[in-house]
Structure formats: C-alpha cells, structure tokens
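Working notes, structure below.
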Amino acid sequence: MSTVLEIENLRVRFRVQSPLVALLKRNEDPYIDAVRQVSFKIEEGQTFTLVGESGSGKSTLALAVAGILPVADGSIKFNGDDVTKMNSQDLMDYRKQVSMMWQNPVGSLSPRMSVGGLITEAYKIHGLKDRDREVEASRLLQMVGLPKHFSERYPHQLSGGQARRVGVARALALSPKLIIADEPTAGLDVSVQGEILNLLNKLQDDLGVSMFVITHNLNIVRHISDRTAIMYLGRFAEQGPTDDIFANPRHPYTLALLSANPEPDPETINKDRIELKGEVPSLMNRPRGCEFHTRCPYVQENCKEQKPAKKQSSDNHSYNCHYPLAGS
Amino acid sequence: MSALPTTENVLTIRDLSIEYTTDRGVLKAIRNVNLDIPKGSIVGVIGESGCGKSTLISSIIRLLAPNANVPNGSIEFEKQDLLKLSEDDMRKIRGARLSIVFQDPMSSLNPVLSIGRQMTDIQYRDKKTMSQKRQRSIDMLASVGIPDPESRLKQYPHEFSGGMQQRISIAMALQAEPSLLIADEPTTALDATLEVQIINLLKELQSKMNCSILFISHHLGVIAELCEHVVVMYAGEVVEQGTTKDVFRNPTHPYTAKLLECDPARIAQKTRLLPTIPGEIPDLVSLPPGCVYKNRCDKAMEICDSKTPSWTDFKDGHFVSCHLVEAT
C-alpha cells in the first residue's frame, strides 16, 4: 500500500491586522494560526477522518490540502511531490487528482447551471475537449445512483440527498485519487445519511480512491474511517487507527467527545459522561501550556505552563497530553 | 382522539392541515396532524427533511409563507385558537407567551447591533426603565451561563463563539418567560460537547421556569436524552406519538422502527454498509390513496393501498396510525 498524501508540520495562517496598522501598533505577529503543526498521512484506498468542533480549523486544513489556501509552513506531499512548491501548471494537474465535496450541497452548485452542466464543468475547466459531455454526465449520474434525466434538472429541483449525490458525481468527474469531503452528511436525516455513506464506501471499494472526510458526527466515523484525528484549536490533539481511538482514547478531549455522544436510548443516558466546562478559547489568545487546559477535567499545575510533547503509543497512535489516559 | 390523560396541555393541535399553492398544483404539506404538548414537558419531533416539521412550526407561530392555506384544523394555545386570532393579538403572544430558537444563531441574531441593544429592544412590551431592562438582560445572560455578562452586553454577535451565540438566542427567547419554547434544531451547528451543554441548559431552564419545549431534531440521541414525549412525522403526517421510552423501546409504526434501525449510533458492529430506507417520499401534490408510507413499507398489506389508517391509541397514550395496529 502506498501513501497518497503526506502532510508534515503544516501551518496555515490568516492575517488579522492590516500591514499598516500592525506597523503602527508595533505588532510583530499580526496573524492567527488556524492550523498549526499538523502532520498526517493518507494511504491509498483508505479513509482518514478529521473530527473537531466548529472553528477548530478543519475546513481550513481541507482547503489547504486542496491547494486552495496558501500554506505558511510545512509540506503537503502528494505521491511524493510537494504541493506547496508547485507552479500553477502543476497545481492545475494536482487539482485534477484531488477533488472536493463541499459542505453545503445546494449552495455549492450554481443555481443557473443544469445538473449535467455542473458535473461535467471540470472537463471544460481542464480543457478535456475530447470527452462527450453528455455521455460522461449520464455515466457519472449512473455511478451515484441518479436517473439519467436528472442532467436536465436544476439545483433547486433537487432534495438534500440528491444534491449530495450530484456533489459526489462532480467530485468523481476527473477520476481523482483523493476526495476531500467536508461534512458530507450534515443536515441529512439518518436514512439519507446512510445512503450517502454507503455510496462513498462503495465507490471507494470499486475505484480505490482515498478519502479525507471532515465531520463532527462521531457515530458515522466509526463506520467509515480507517484513521481518525481529533482537532482542537488548529492542532491535532490525538490521531490513530479509528478502532483504537474509540476503544482507548488517550487525550481527555477525545474522551469528552466520545462520552458526549448522546445514545439513542432513553434509558442508558448520562453514564460516565464528562461534561466540558467553558468555551473554546480564541485563536487570537491561545492559552499557555497545553491549549486544552482551560477546559480539561484532569488539569494539573504544569499543564498550565508547559506544552505537552507529542507522545506515541503502539500502532501509530499519537497524542499531545502530559497525563494521557490509561489505555485498557 | 382524546388528549393524553391526567395532564393539562399547553398546546393542542387537532386535525391540522396546511396546503401550499404551487405552479404544479396544491401541495398538501401537512395533513390531519394531531399533537399534544403537556404543561411543563419537553416534546421532540423527528422525521426526514421535507416531512413538514418546519411547516408545523411556522403554523404554530403563524408565520406561514403567503401561498399557504389552512383548510382545516385548530391550534389551541392557552385556551385560544391561534388560527382565529387577529394579527394584533398574535403579535402579543409571539415572543411573549410563545417563542422560538432557530437553527443557526448567526443568522437569527442581528450582526450590526450589540447583544445588549438586541436584548433590551425585545423588552419593548415592558414598562420598565432602561437600567431595569439592562439588568434583566444581564440576569438572563448569567442564567444561560455566559461569564461576565455585564461587559459582554457591548459586544456584537460575531465576537461570540457558536455555542455562546446559541446560548444568547436561548436567553432572548426565554426572556419573557414564555409558556412554550420552540427549538428548531438548535444543536445541529454545534459539536458533541457543546451539544450536550445546550441540552443540559435547556433541561435546567425548563425545570426552573416550568415552560414546555417543542424540540425539533434530526439527532435521535439528543431526542432520547432530552424529551419525555416524541412525535414521529412522515411525509406531512404524524405517524406515531408517545413517551420517548415507549416509542424508542417499542416502535410500533414500521417507519419509526426503520428510522431507529438506520441510526449509526445504534449499530455496535463496525459496518461498511449502513441500513437505509429504500424508496422516496411520495409526491405531496398528487398523493396516492391509502397509507402514505405503503410504498416503502415492508409490511404493507392490501388494505394499505385503499384506506388511510386512523389515529389509534395503541397503549396508554402511545398513538400510532397504521393498519397493523388497527388489526390487532
């Protein structure tokens, strides 16, 4: 199995003060780091899931990986080539092999284009004139389980689940090696959610495509993903094989997320739940020491001052915590 | 078709239907819906997107789209039929006795006014001085767990995190101590840990103020944890209603049973093929006769094609509309 994507020490930052204001106020660092010190790998044909609360930097990381946001530091290696050093021609080529499923299924489709036009737009952009767009459109629609005549429809005539399927078809148009799916099931009810996830799983089995899935629904992570990372304030608090993360969470934040997941059974509620107090700190004002210490239920004195180093347990399971929970 | 025994209802919906006039014809969004909200209880509504949840809420607060029309039914709230009230009388109830928390706090709060201004503005009914209104706002913010509320009154919505914004929306909705709070998927934009915080907050405020809550959600786990009663909607009809325990433990309508089966949280074994409900919701413009669910139901019988099932009390206030129940 080969590594498709390898991210090392990635940092993505945004300017929060204009250069002039920063100069006048003598602010030497007018940036926030939305993604900081992130490293991970995605193997061929595998699914990597990223979990974290809103504002933790998940979408920023996805956009950086897709080559849409500039990277401040670190490297993104796709099949060994560093994306951050590519010229625009190579980037164009890179984007053929990596495609994106956007978060808002209807909002990401132009309301003025038909479904057929939307899913074959990539051929036009990449200058693949030899493809018969009509034939391609019906091939892609068939792959995602929509009838052919849908290529005549417009986005407002689609239901949420159908719009997602069109999103999947669009992502598949150029037969990518990697699909980045940002919240692929947000806002869908459980039955339609199941359909979309089954579709993604099936396509992965058939086409061998790798996936990078962003979600905050822990229930689906368990079923679709091979590796999982938990993000907090732009950093990975923990990452490892999905089964291992669910069975032996080592970082308190992971444990809190797992225990907060409400069970759909009115009688087994509230057992051993860890409720986090307080709010997520602002990126403008990151806490000293361990960045989770302001909300951590097991906080100790030195957590407030010292940054925890990355620790590794067996099987590529790593975490940033001074006092990791004992794995069973 | 009697109300639930023993308790008094704050809201009683009887035989309510709502239609929309569209280009394609009359769309029957809601048909013959019955719903009871007992005083001081939390009632959850579950159902797929497009099943009429939003239409139901809009009809209760009387903010239906202009092309809507109510052919029959009544919505009795505190002994008056909301559908018969004049617009002036309705305005006196809306926001005072009956209020609502929307899905996305960022779009329900006004981005160009400070939180303090918005919170004092909505107290326009009260004959109080400005400083009393300000104090009331501070108290409300404190009661939803916003630290240092006095200084935060000056801030604008974008300066708060998603969880905080939703707390503020809840504070504003409860500010007039309404007897019914409608919460329309208030936790979908939040991650698991914040979701739990909001649920606990709603529970706590509900018991303190003794108001009733109508809680709408896709998330079955949240409903199981928060609500005492649950209402299951399908394609514009209420198909099952009862205590959460009864409905989740002993789902009687085939749709409810399937919906619960589809929840990935209930599937302990890791699987690549999640269960789904095959088929589509029938077209609400040209409804076929008989039961609405029959085309997707694996227990459909001959009678389901011709006769609409009636709303039957299956066991102690556990209502179901299905021929299978009528038969026994």
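Pick from segment B:233-254 the residues that are among the hydrophobic types (A, V, I, L, M, F, W, C) and part of a strand (DSSP E or B): which of them is farthest from the other protein chains (Cβ to nearest Cβ)?
Looking at residues that are among the hydrophobic types (A, V, I, L, M, F, W, C) and part of a strand (DSSP E or B), I get B:VAL238.
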> Taking A:ILE180, is it more than 24 Å from B:CYS262 (Cβ to Cβ), touching a residue at least 12 places away in the same chain (Cβ under 8 Å) and either of a type in the set (Val, Ile, Thr) or surrounded by fewer than 23 Cβ atoms within 10 Å (Cβ to Cβ) (or both)?
Replying inline: yes
> Somewhere in segment B:139-149, is a residue hydroxyl-bearing (Ser, Thr, Tyr) and within 14 Å of chain A (Cβ to nearest Cβ)?
Replying inline: no
>> Looking only at residues that are of a type outside the set (A, V, I, L, M) and under 30 Å from A:ARG227 (Cβ atoms) in segment A:1-28, which one is surrounded by the most Cβ atoms within 10 Å (Cβ to Cβ)?
In response: A:ARG13
> Which one of the conditions (1) over 24 Å from A:THR185 (Cβ atoms); (2) without any contact (Cβ under 8 Å) to a residue 60 or more places away in the chain does A:ILE119 fail to meet, given that it meets all the rest?
Replying inline: (1)
>> When the residues of segment B:277-291 are narrowed to those that are free of Cβ contacts under 8 Å to residues at least 24 places away in the same chain and buried (at least 16 other Cβ atoms within 10 Å of the Cβ), which ends up nearest to B:VAL222 (Cα to Cα)?
In response: B:ILE277
>> If I ask for residues that are more than 17 Å from A:PRO184 (Cβ to Cβ), part of a helix (DSSP H, G or I) and basic (Lys, Arg), which ones from segment A:132-168 would you list?
In response: A:ARG133, A:ARG139, A:LYS148
>> For segment B:255-276, which positions are surrounded by 20 or more Cβ atoms within 10 Å (Cβ to Cβ), closer than 21 Å to A:GLN46 by Cα and more than 7 Å from chain A (Cβ to nearest Cβ)?
In response: none
> Which members of segment B:44-76 meet the condition of being over 11 Å from the mean Cα position of the chain (by Cα) and hydrophobic (A, V, I, L, M, F, W, C)?
Replying inline: B:CYS51, B:ILE61, B:LEU63, B:LEU64, B:ALA65, B:ALA68, B:VAL70, B:ILE75
>> Which residue is farthest from the other protein chains (Cβ to nearest Cβ), if the candidates are limited to segment B:150-167 and must be without any contact (Cβ under 8 Å) to a residue 40 or more places away in the chain and outside any helix (DSSP H, G or I)?
In response: B:LEU153
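Residues in segment A:100-131 that are among the aliphatic types (A, V, I, L, M), part of a loop (DSSP other than H, G, I, E, B) and closer than 21 Å to A:GLY67 by Cβ: how many?
Let us first name the residues in segment A:100-131 that are among the aliphatic types (A, V, I, L, M), namely A:100-101, A:106, A:109, A:113, A:115, A:118-119, A:122, A:125, A:128.
Going one step further and asking which of them are part of a loop (DSSP other than H, G, I, E, B), we end up with A:106, A:109, A:113, A:128.
Pick out the ones that are also closer than 21 Å to A:GLY67 by Cβ and you get A:128.
The number of residues fulfilling the criteria is 1.
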> Name the residues in segment A:184-193 that are within 9 Å of chain B (Cβ to nearest Cβ) and under 19 Å from the mean Cα position of the chain (by Cα), would you?
Replying inline: A:ALA186, A:GLY187, A:LEU188, A:GLN193
> For segment A:297-309, does any single residue satisfy the condition of being buried (at least 22 other Cβ atoms within 10 Å of the Cβ) and within 25 Å of B:THR187 (Cα to Cα)?
Replying inline: no
>> Name the single residue that is farthest from the other protein chains (Cβ to nearest Cβ) among those in segment A:223-246 being part of a helix (DSSP H, G or I) and buried (at least 23 other Cβ atoms within 10 Å of the Cβ).
In response: A:ILE245
> From the list B:SER212, B:SER217, B:SER207, which residue is closer than 16 Å to B:GLY52 by Cα and among the hydroxyl-bearing types (Ser, Thr, Tyr)?
Replying inline: B:SER217
> Being closer than 25 Å to A:VAL4 by Cα and within 14 Å of another protein chain (Cβ to nearest Cβ), is that true of even one residue in segment A:167-183?
Replying inline: yes
>> Against the definition (at pLDDT 90 or above and in a helix (DSSP H, G or I)), how does B:ILE100 come out, yes or no?
In response: no
> Of all the residues that make up segment B:125-156, how many are more than 19 Å from B:GLY95 (Cα to Cα) and loosely packed, with under 12 Cβ neighbours inside 10 Å?
Replying inline: 7
> Hey, any hits in segment B:304-313 for a residue that's surrounded by fewer than 23 Cβ atoms within 10 Å (Cβ to Cβ) and within 13 Å of chain A (Cβ to nearest Cβ)?
Replying inline: no
> What do you reckon, is A:ASN79 touching a residue at least 60 places away in the same chain (Cβ under 8 Å) and surrounded by fewer than 16 Cβ atoms within 10 Å (Cβ to Cβ)?
Replying inline: yes
> Of the residues A:ARG139, A:ARG170, which is surrounded by 15 or more Cβ atoms within 10 Å (Cβ to Cβ) and within 27 Å of the chain's Cα centre (by Cα)?
Replying inline: A:ARG170
> Applying the selection to segment B:168-201, what residues are closer than 21 Å to B:ASN110 by Cβ, assigned to a loop (DSSP other than H, G, I, E, B) and at pLDDT 85 or above?
Replying inline: B:GLN175, B:ALA176, B:PRO178, B:GLU185, B:PRO186
>> Can you report the number of residues in segment B:284-323 which are hydrophobic (A, V, I, L, M, F, W, C) and within 19 Å of B:VAL33 (Cβ to Cβ)?
In response: 10
> What about B:VAL247, is it buried (at least 22 other Cβ atoms within 10 Å of the Cβ) and touching a Gly at 6+ places or on another chain (Cβ under 7 Å)?
Replying inline: no
> Which members of segment B:292-310 meet the condition of being without any contact (Cβ under 8 Å) to a residue 40 or more places away in the chain, in contact with a strand residue (DSSP E or B) (Cβ under 9 Å, 6 or more places away or on another chain) and of a type outside the set (S, T, N, Q)?
Replying inline: B:PRO309
> For residues in segment A:255-311 being within 12 Å of B:THR193 (Cα to Cα) and in a helix (DSSP H, G or I), which is farthest from the other protein chains (Cβ to nearest Cβ)?
Replying inline: A:LEU255
> Which of the residues belonging to segment B:14-46 are within 13 Å of B:LEU56 (Cβ to Cβ) and of a type in the set (S, T, N, Q)?
Replying inline: B:SER17, B:ASN32, B:ASN34
>> Condition first: within 12 Å of chain A (Cβ to nearest Cβ), of a type outside the set (Phe, Trp, Tyr) and surrounded by fewer than 19 Cβ atoms within 10 Å (Cβ to Cβ). Can you find one or more residues in segment B:104-122 that meet it?
In response: yes
>> Given (1) touching a residue at least 60 places away in the same chain (Cβ under 8 Å); (2) of a type outside the set (Val, Ile, Thr); (3) in contact with a His (Cβ under 9 Å, 6 or more places away or on another chain); (4) outside any loop (DSSP other than H, G, I, E, B), identify the lone condition not met by A:GLN193.
In response: (1)
> Where residues in segment B:170-204 are under 26 Å from A:THR254 (Cβ atoms) and more than 10 Å from chain A (Cβ to nearest Cβ), which of them is surrounded by the most Cβ atoms within 10 Å (Cβ to Cβ)?
Replying inline: B:PRO186
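The values are calculated or read from the model by the stated rules, or taken from the named source; none is laboratory data. As the structure is a prediction and not an experimental result, all values here were calculated from the model. With ideal geometry, Cβ positions are generated from the backbone for all residues, glycine too; neighbour counts draw on all protein chains shown.
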